[in-house]
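Working notes, beginning with the structure itself.
The values are calculated or read from the model by the stated rules, or taken from the named source; none is laboratory data. Just so we're clear, the structure is a prediction, and the values are computed from it rather than from any experiment. Neighbour counts are summed over all protein chains in view; Cβ atoms, including those assigned to glycine, are modelled from backbone coordinates with ideal geometry.
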Amino acid sequence: MPNDTKEWALRFPEFLVEAETLLAKSEECLSHLQLISNDKDAIDCMLSTLLKLSSKADALALASVSEFSLHIHGLLSRAQKRMDLHDQALDALKDCFTLMAWQLELIDQTTGQLGLDDSEQTSLIEAFAFQVGQSQFQPLSDSRPFRFVSFSERPA
């Protein structure tokens, strides 16, 4: 759904602040993991912030950000169970966060569109998947923990 309403344009700056805060928190958790490998609290915090970011992006119909967050969340969740977060995996995760931060800056503030293809997202997700022992990236078909609600359906 194209984001072209005035209300969306008014809500986007709030989303952007929240998204940047959540991403910064995830990056702090990542820094913690670089010091203390596989720390469960840091991983849980990162998983939580990724879900919140995905949910908030989804609420504004920012599918690219929402899906990217969910894919990272799914891979991180599976890696946590096997404790596969070595230095190369953390570097690949950092690359994902760097791209996400860059994409947040490039979202058109009036339409909500991100004028990029998803090839770099896919490439970084595949690299992270490889580093955590998933030889082939598989889209998470049942990963959405919430129902999609278009912006027009949201309560005021």
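Results, tabulated for the structure shown:
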{"item": "Residue in region 144-153 that is at pLDDT 75 or above and either charged (D, E, K, R) or in a loop (DSSP other than H, G, I, E, B) (or both) present", "result": "no"}
{"item": "Condition check for residue 131: under 27 Å from residue 13 (Cα atoms), of a type outside the set (Phe, Trp, Tyr) and at pLDDT 90 or above", "result": "no"}
{"item": "Contacts under 6 angstrom Cβ, first residue in region 26-44 being in contact (Cβ under 8 Å) with a residue 24 or more places away in the chain and surrounded by 15 or more Cβ atoms within 10 Å (Cβ to Cβ), partner β-branched (Val, Ile, Thr) and part of a helix (DSSP H, G or I), 6 or more apart", "result": "26/49"}
{"item": "Filter result (within 12 Å of the chain's Cα centre (by Cα) and at pLDDT below 95) within region 74-97", "result": "74, 75, 76"}
{"item": "Filtered residues of region 45-86 (kept if in contact (Cβ under 8 Å) with a residue 24 or more places away in the chain, among the hydrophobic types (A, V, I, L, M, F, W, C), in a helix (DSSP H, G or I) and farther than 16 Å from residue 97 by Cα)", "result": "59, 79"}
{"item": "Members of region 111-126 that are loosely packed, with under 13 Cβ neighbours inside 10 Å and either assigned to a loop (DSSP other than H, G, I, E, B) or touching a residue at least 40 places away in the same chain (Cβ under 8 Å) (or both)", "result": "115, 117"}
